1. Consider segment 78-117. How many of its residues are of a type in the set (V, I, T) and in contact with a Gly (Cβ under 7 Å, 6 or more places away or on another chain)?
2. How about segment 49-78: which of its residues are in a loop (DSSP other than H, G, I, E, B), small (G, A, S) and either surrounded by 13 or more Cβ atoms within 10 Å (Cβ to Cβ) or in contact with a strand residue (DSSP E or B) (Cβ under 8 Å, 6 or more places away or on another chain) (or both)?
3. Here are the criteria: (1) within 17 Å of T7 (Cα to Cα); (2) in contact (Cβ under 8 Å) with a residue 40 or more places away in the chain; (3) among the polar types (S, T, N, Q). Tell me which single one Q37 does not satisfy.
4. So which of D71, D92 is touching a residue at least 40 places away in the same chain (Cβ under 8 Å) and of a type in the set (D, E)?
5. For segment 1-48, which residues satisfy the criterion of being open to solvent by 70 Å² or more (accessible area, probe 1.4 Å) and closer than 20 Å to D92 by Cβ?
6. Filter segment 79-116 down to the residues that are acidic (D, E) and either over 19 Å from S11 (Cα atoms) or open to solvent by less than 80 Å² (accessible area, probe 1.4 Å) (or both) and list them by number.
Amino acid sequence: GVGMGMTAPVSITAFPAEDGSFQQKVKVFLRIPSQFQDSPPCPTDESIKIEERQGMTIYSTQFGGYAKEADYVSYAAKLKAALGSDAAYHKDFYLCNGYDPPMKPYGRRNEVWFVKE
């Protein structure tokens, strides 16, 4: 019954298919605001789970605009190419992050994260 508002980033875990596109299975993560961190409210929808995300080291790239799936796929491919074959990171998923509300027309920030192994 408590409104928490929008938090940033909105983080989507993408599981890439062989061609690089997203598989239909995705996970969407919303950060719980600081005042609720110690005692998060219990979700009333069974499909919503509260998970604690452990600390991680990431490889990241940033881009602007209204991000679509094709943008995340493209920037993930660019990040993969920039890292080359020596970087050790999880290849079965990556994180797509958006930082801005939908109504913000300019100066938008999006990121692709590869999680270091």
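The values are calculated or read from the model by the stated rules, or taken from the named source; none is laboratory data. Only a predicted model underlies this, so the values are computations on that prediction, with no experimental measurement involved. So basically every Cβ, Gly included, is an ideal-geometry build from the backbone, and we count neighbours across all protein chains shown. Each accessible area value is taken on the protein alone, full model and side chains, heavy atoms only, with ligands, DNA and RNA left out. Shrake-Rupley method; radii C 1.70, N 1.55, O 1.52, S 1.80 Å.
1. Looking only at that region, the number is 0.
2. Start the filter on segment 49-78 by keeping residues that are in a loop (DSSP other than H, G, I, E, B), which leaves 49-57, 64-68.
From what is left, the residues that are small (G, A, S) are 55, 64-65, 67.
Answer for segment 49-78, where residues must be in a loop (DSSP other than H, G, I, E, B), small (G, A, S) and either surrounded by 13 or more Cβ atoms within 10 Å (Cβ to Cβ) or in contact with a strand residue (DSSP E or B) (Cβ under 8 Å, 6 or more places away or on another chain) (or both): G64, G65, A67.
3. Failed condition: (2).
4. Values: D71 fails: touching a residue at least 40 places away in the same chain (Cβ under 8 Å).
Unique residue meeting the criteria: D92.
5. E18, D19, Q23, Q24, K25, K27, V28
6. First, pick out the residues of segment 79-116 that are acidic (D, E): 86, 92, 100, 111.
Within segment 79-116, D86, D100, E111 meet the criteria.
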